[in-house]
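The values are calculated or read from the model by the stated rules, or taken from the named source; none is laboratory data. Just so it is clear, the model here is predicted, and its values are computed rather than measured. Counting neighbours? That spans all protein chains shown, and the Cβs are built from the backbone with ideal geometry, glycine included.
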Amino acid sequence: VKRVRTRHFQNAKENGIKITGLTSYDQLTATIFDEAGIDFLLVGDSAGNTVFGHDTTLPVTVDELIPLARAVAGSAKRAFVVADMPFGSYETSPDEALHTAFRFMKETGAHAVKLEGGVRSAEQIRRIVSAGIPVMAHIGFTPQSEHGLGGHMIQGRGEGAEALLADARAVEEAGAFAVVLEMVPSAIAARVTEELRIPTIGVGAGPHVDGQLLVWTDWAGLSTGRIPKFVRQYADLKGVLADATKAYIADVGSTAYPAPEHEYPE
Ligand code: KIV
Ligand code: NA
């Protein structure tokens, strides 16, 4: 199988082919999603919520994400693997950003990094890209700044539209190969998508974007918290696993499990 590369993202936009992405944090899901044909896997700092059980992504560290990114990058044969740069690992300076990007590239085998912020992160993006590392940008609602933004708020509404467009132009100009638009009104996402040369990847940004990305545990009905309005649940893994757990407990209690076929002869 041929690896997806940044030029495939660009070709997809130019040919009107939608790009698909899911998050992944481990070997099991990376293998399944990759073999099913997903274009890219994001080792998101959403691991803070989905793997580590925090309320936000803020506590996640580079040292925590690196083993997850290594597992995903080591498992995906075709998908393009993007490692998310956590809060506090790139904001201080372009040098700090490049240092963190080097760690992900050298220690995990990921193919690109992602960081949050438009205008405010442009110099960081430029520096990382100049070292030959592809950058996926992320604008609109940026979870690492949820306290600064005043909660999980839709971005780009009303007067915010111009600021969002400025962010989009800034990351393209800085050399990002794609940009995630999170929780943005569909009409604004459509405007950004039309204006930019690079592909837009929507997370709660409607259909008029170049690709879609979802947190896999939301998408598969595994998450326990509140599921955002923009998610369609493609499976009910929570129900499947809860039922399996109850059946297992009952079978062990009644000695229906293990059955003769599970036993080793002498
Ligand atoms: O960490 C993550 O999963 C993300 C996506 C939701 C954009 O950044
Ligand atoms: Na993230």
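Considering each residue of the range 130-152 in turn, none proves to be at pLDDT 95 or above, of a type in the set (Val, Ile, Thr), within 24 Å of ARG7 (Cα to Cα) and in a helix (DSSP H, G or I). Would you pick out the residues in the range 105-149 that are more than 12 Å from ligand 1 (Cβ to nearest atom) and under 14 Å from the mean Cα position of the chain (by Cα)? Within the range 105-149, ALA110, HIS111, ALA112, VAL135 meet the criteria. Please determine, by comparing only the residues of the range 168-199 that are touching a helix residue (DSSP H, G or I) at 6+ places or on another chain (Cβ under 7 Å) and small (Gly, Ala, Ser), which one is nearest to GLY44 (Cα to Cα). Among residues in the range 168-199 that are touching a helix residue (DSSP H, G or I) at 6+ places or on another chain (Cβ under 7 Å) and small (Gly, Ala, Ser), the one nearest to GLY44 (Cα to Cα) is ALA178.
Quick one: is VAL82 free of Cβ contacts under 8 Å to residues at least 40 places away in the same chain, surrounded by 19 or more Cβ atoms within 10 Å (Cβ to Cβ), within 12 Å of ligand 1 (Cβ to nearest atom) and outside any helix (DSSP H, G or I)? It is false that VAL82 is free of Cβ contacts under 8 Å to residues at least 40 places away in the same chain, surrounded by 19 or more Cβ atoms within 10 Å (Cβ to Cβ), within 12 Å of ligand 1 (Cβ to nearest atom) and outside any helix (DSSP H, G or I). Residues in the range 1-60 that are closer than 22 Å to GLU107 by Cβ, among the charged types (D, E, K, R) and more than 15 Å from ligand 2 (Cβ to nearest atom): ARG3, ARG5, ASP26, ASP34. Within the range 100-149, can you find the residues that are of a type in the set (Asp, Glu) and within 16 Å of ligand 2 (Cβ to nearest atom)? Across the range 100-149, the qualifying residues are GLU116, GLU146. Return a yes/no flag: does the range 1-11 have any residue that is within 13 Å of ligand 1 (Cβ to nearest atom) and outside any strand (DSSP E or B). No, that holds for no residue.
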